[in-house]
1. How many of the residues making up region 430-474 are β-branched (Val, Ile, Thr) and assigned to a helix (DSSP H, G or I)?
2. For region 323-411, give me every one of the helices (runs of 4 or more DSSP H) that falls completely inside it and has 1 or more residues that are among the hydroxyl-bearing types (Ser, Thr, Tyr) and over 30 Å from Pro549 (Cα atoms).
3. Open to solvent by 10 Å² or more (accessible area, probe 1.4 Å), at pLDDT 95 or above and within 11 Å of the ligand (Cβ to nearest atom): does that describe Leu315?
4. Quick check, is Val372 within 42 Å of the chain's Cα centre (by Cα), open to solvent by less than 10 Å² (accessible area, probe 1.4 Å) and either closer than 27 Å to Gln121 by Cβ or more than 16 Å from the ligand (Cβ to nearest atom) (or both)?
5. Mind checking which residues of region 513-571 are within 16 Å of the ligand (Cβ to nearest atom) and either on the phi > 0 side of the Ramachandran plot or outside any loop (DSSP other than H, G, I, E, B) (or both)?
6. Give just the number: which of (1) surrounded by fewer than 22 Cβ atoms within 10 Å (Cβ to Cβ); (2) within 16 Å of the ligand (Cβ to nearest atom); (3) of a type in the set (Phe, Trp, Tyr) does Phe268 not satisfy?
7. Suppose we filter Leu387, Leu349 for residues that are buried (at least 24 other Cβ atoms within 10 Å of the Cβ), within 30 Å of Pro91 (Cβ to Cβ) and more than 16 Å from the ligand (Cβ to nearest atom); which single one remains?
8. With Glu137, Glu154, Glu160 as the choices, which residue is farther than 30 Å from Asp354 by Cα, crowded, with 16+ Cβ neighbours inside 10 Å and within 15 Å of the ligand (Cβ to nearest atom)?
Amino acid sequence: MNPSDSPPSQRLLAQGFCALLPSQDHSISEADQPTDKIFGETYGLHNWGDDLVTVDATGAVCLGDPTFPDGQPTPLPKIMADLSDRGIVAPVLLRVDAFLDRALAQLNTAFAEACTATRYQGVYRGVFPIKVNQQAEVIKQLVRSGRRFNYGLEAGSKPELLIALAQDLPSDALLICNGFKDEDFIRLAILSRHLGHNTVIVIESLDEFDIIQRVSADLNRRPLLGVRVKLTERVTGKWQESSGDRSTFGLSAFELMALITRMKNSDFLDCLVLQHSHLGSQVPDIIDVRRATTEACRFYTELTNLGAPLTHIDLGGGLGVDYTGARRADDNSVNYSVDEYCYNIVETLRYALDEAEIPHPTIVTESGRFVVAQSSIFVFNVLGATLYDAGEKPDLYPEDHHLLADLMAVEHYIDGARHQEALNDAVYYRDEMRALFRRGQLNLDQLSRGEQIFLYLSARLKLRDTEENAAFFIDHYHGNFSLFQSLPDVWAIDQLHPILPLQRLNEAPTRHAIINDITCDSDGKIDRFILGEDIASALPVHDLVDDQPYYVGAFFVGAYQETLGDLHNLFGDANVITISLDGAGGFSIVNETEADSIAEVLSYVEYDPRDCLDAVRQKIERAVVAGLVEAETRRLMISAYKKALNGSTYFEQPAPRQA
Ligand SMILES: *Cc1c(COP(=O)(O)O)cnc(C)c1O
């Protein structure tokens, strides 16, 4: 029995279905029914909202400005309505500038406080790994807001280095170069020191050192060098397989010894100022952070004793985001806070280095995810729903096959002890009818009324639904977005983001739905949701109301999502709007990047939109000449084509409809 076999009801709720249901009691599971009037907790807001995402008395999800903790939060539906008045419609990626600043300040403050508390002699100098969010607006803001912390950048490729070199970094900030580096990369890195950058080239392989030697000799200039060591400690979590021994990057113990010997022999050892290691992203367990730091200290001590004039220890990324708010060491959560992360690192370093009698180095981390994840929220509107229940009871006729009447009779024992029997029978009769239809023994009209009876029964059956049967009654809500473009990690690595309706949380949700996107890909759906302490396969949602937008927000999408997104079905970038909250319930737009037009998206895949238009023009002109269409049709066709070229790749009609 595959629940998704049931055809959806085609006419819906707005017309009277609710009236059939016991008042306020039509959610799937009564046990899930919160007793509170506000339903934020249903979605775990109290776990992950961090006081920045809250619900107000009108049931609207609100954003609080961390710089005005006592200020009035700004309702997201109001933001969407105001944007829509300005002509900016969903889907929209909303960046909140204060959220980014807050995360950056949290990280830097936590390290500073940990250094003070443990009497650590060195300082913290963080760098932002550009790959985590390369968008110009984000990098600009990070550089601007990071100035007071001497916050720098990490480049993992030549394009990222070019981005970094164009930024106005403070003179004490670091520019760390990781990844594969060719001569051009290294030349730029070495020369950039003349622009006042503290550019450190992190050696990732022995071959790379050869190139560095060559370029350095050519330029007759000395580089600042780092070395990436391969830790043997493995971490748990999503990146477990690529940690430890098996990691692609870094030098193993014997390569490291070979490098040091070669550096000594070629007089480069005095350039080696930084030791780098990277555990992988989203490290769930703080114990792994401690272990890795301890191992990094061992390398640091040994390298120092071998004569390397190290001054910086770079522990890479890994600081995780608690997506579910569960504070557990699992794939989408972490069992530590940022304060704990920083304290654990600093404390471990201090003990280990004191014991080795080595001066405390500057601590570097390349924390990307933590710094940017929270700052972006992806908001889309629901275009319609496919519901797996129906309010109207179809008519039966004497000449109908008896299976229709049998199915209808299930109604009499739906409630009470025979509930499961009712469901079993309903599914049996429905499937029998389908079999008869396939054999030509039931006509379409009867099949259609039979399906309708099943949906009518479903509306009643789901009231007493049990966990195992839940899948029969899950509705499909159609979101105006592309999963592949806007939430790629949800598709690729089962990333969970907090997702919830942004309005009407003062009403009990009446349905459970999965969310389909508008690509034609059956993978384009969200069917795992963070609900309170649990991960659920459907999201509690409300019945759609005609002409009222129904917005859904996906939170913590600022890290990795934007440039990993692809053009599946040629859905392009959504609108990207950076806003400032005003602490008084309002907001202003700081920056706006308009969504990709269809013409832009076509050009990404090497079509020239003008050529396309010309081709259509010629085609229709031939039809006009041949007398197949009127000249007026040509005008309509061309103007519709042009309008579409300049328009959005997404569904452009804002009002929701239930299908
Ligand atoms: C990806 C990456 C990071 C960022 O890691 P986060 O877990 O996002 O903080 C840092 N350093 C290196 C070398 C990376 O490849």
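The values are calculated or read from the model by the stated rules, or taken from the named source; none is laboratory data. Everything numeric in this text was worked out from a predicted model, so none of it was measured. Here the Cβ positions follow ideal geometry from the backbone for every residue, glycine too, while neighbour counts run over all protein chains shown. All accessible areas refer to the heavy atoms of the entire protein, side chains included, with ligands and DNA or RNA removed. Shrake-Rupley method; radii C 1.70, N 1.55, O 1.52, S 1.80 Å.
1. Applying the first criterion (β-branched (Val, Ile, Thr)) to region 430-474 yields 453, 466, 474.
Keeping just the survivors that are assigned to a helix (DSSP H, G or I) gives 453.
Total satisfying the criteria: 1.
2. It comes to 338-356.
3. Considered against the rule, which asks whether it is open to solvent by 10 Å² or more (accessible area, probe 1.4 Å), at pLDDT 95 or above and within 11 Å of the ligand (Cβ to nearest atom), Leu315 comes out as yes.
4. Values: within 42 Å of the chain's Cα centre (by Cα): yes; open to solvent by less than 10 Å² (accessible area, probe 1.4 Å): yes; either closer than 27 Å to Gln121 by Cβ or more than 16 Å from the ligand (Cβ to nearest atom) (or both): no.
Taking the combined requirement at face value, the residue does not satisfy it.
5. Phe556, Tyr560, Gln561, Glu562, Thr563, Leu564
6. It is condition (2) that Phe268 fails.
7. Leu387
8. Numbers: Glu137 fails: within 15 Å of the ligand (Cβ to nearest atom); Glu154 fails: farther than 30 Å from Asp354 by Cα.
Going through Glu137, Glu154, Glu160 in turn, just one is farther than 30 Å from Asp354 by Cα, crowded, with 16+ Cβ neighbours inside 10 Å and within 15 Å of the ligand (Cβ to nearest atom): Glu160.
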